[in-house]
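Q: Quick one: structure below, then a few questions.
The values are calculated or read from the model by the stated rules, or taken from the named source; none is laboratory data. Quick caveat: nothing in here was measured; it's all calculated off a predicted structure. Neighbour counts run over all protein chains shown; Cβ positions are idealised from the backbone, glycine included.
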Amino acid sequence: MNASVVKNEAEKEVATMKMYIVKTKIGTEDKVIADMTARLEGAGSMKEKKAYIGKMINPAHLKGYLFVEATEEHYLEAVVGLTGNALRIKNVSSIVGEATKEESEPHLQPRKGTEGLEVGMVVVLKDGAWKGEEARIISINETNDTLSLELWGSHVPIPIDNVMANSVRGI
C-alpha cells in the first residue's frame, strides 16, 4: 500500500512538468543533452531523478540555450551538477529560469529553413567553398529548402544553385 502512495505522488509531480531554460556554451548543446541523458540513464545516483526530468529540446535557431522539462528546478540543478556532489556538466553556464508555455511555445515549433528569406535579399554563406562571401538570392525552392544564389562581390556574376537555406544568414 505504501508503494502505491509513492507512485501516485510521483505521477502527480510528473504531471506538473515545468519548462526550464539552460544556458550552454554555443555549439555544445547536443553534447550537453547527451551528457545529461547519460547521467540519468547510468548506474549512479542520478538514475533516481529520471522520473523528474522530462524532454530536453535543442531549438536550432537558438544558439547556446536548451529547453528542459523538470518537475522542480532543484532536480535539474542536481542533474546538471550545480548543486550536490555531482560534477558539473561541462559547457553548462547556468539555469536561466522557468519559461512559461507562452514564452517557450514559439521556440519549440519546427521552422522552415527559408523562413525570413526573400528573393533579392543579400545573404552571407556560412559554409562551403564560398564561406564568408556575400550573395543575392535569385530563387527560393520551399519544398527542398534550397536557394539559387548569385555571388554579390565578384566582377562577373557567378550563379550557385541548390544551396541549403540553413547554410546562409541574412545581412
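Q: Determine whether ILE95 is β-branched (Val, Ile, Thr), surrounded by 11 or more Cβ atoms within 10 Å (Cβ to Cβ), part of a loop (DSSP other than H, G, I, E, B) and assigned by TED's automatic domain parsing to the domain that holds THR28. Even if it seems obvious, please write down each step before you answer.
A: Working: β-branched (Val, Ile, Thr): yes; surrounded by 11 or more Cβ atoms within 10 Å (Cβ to Cβ): yes; part of a loop (DSSP other than H, G, I, E, B): no; assigned by TED's automatic domain parsing to the domain that holds THR28: yes.
No: the conditions fail for ILE95.
Q: With the checklist (1) touching a residue at least 24 places away in the same chain (Cβ under 8 Å); (2) under 30 Å from TYR75 (Cβ atoms) in hand, flag the one item ARG88 doesn't pass.
A: For ARG88, the failing item is (1).
Q: Would you check which residues across region 38-53 are among the aliphatic types (A, V, I, L, M) and at pLDDT 85 or above and list them? Don't jump to the end; show me each part of the working.
A: Just the residues of region 38-53 that are among the aliphatic types (A, V, I, L, M), to begin with: 38, 40, 43, 46, 51, 53.
Once the filter is applied, which keeps residues that are among the aliphatic types (A, V, I, L, M) and at pLDDT 85 or above, region 38-53 yields ALA38, LEU40, ALA51, ILE53.
Q: Could you go through region 99-114 and let me know if any residue there is in a strand (DSSP E or B) and either in contact (Cβ under 8 Å) with a residue 12 or more places away in the chain or surrounded by 11 or more Cβ atoms within 10 Å (Cβ to Cβ) (or both). Give the derivation first.
A: Looking only at region 99-114, we keep the residues that are in a strand (DSSP E or B), and these are 99.
With the extra rule that they be either in contact (Cβ under 8 Å) with a residue 12 or more places away in the chain or surrounded by 11 or more Cβ atoms within 10 Å (Cβ to Cβ) (or both), the set shrinks to 99.
Yes: one or more hits.
Q: Of all strands (runs of 3 or more DSSP E) completely enclosed by region 120-171, which ones contain at least 1 residues that are of a type in the set (Ser, Thr, Tyr), under 23 Å from the mean Cα position of the chain (by Cα) and not assigned by TED's automatic domain parsing to the domain that holds ALA60? It would help to see each step written out before you state the result.
A: Numbers: elements: 122-125, 134-141, 146-151, 159-164, 168-170.
Answer list for region 120-171: 146-151.
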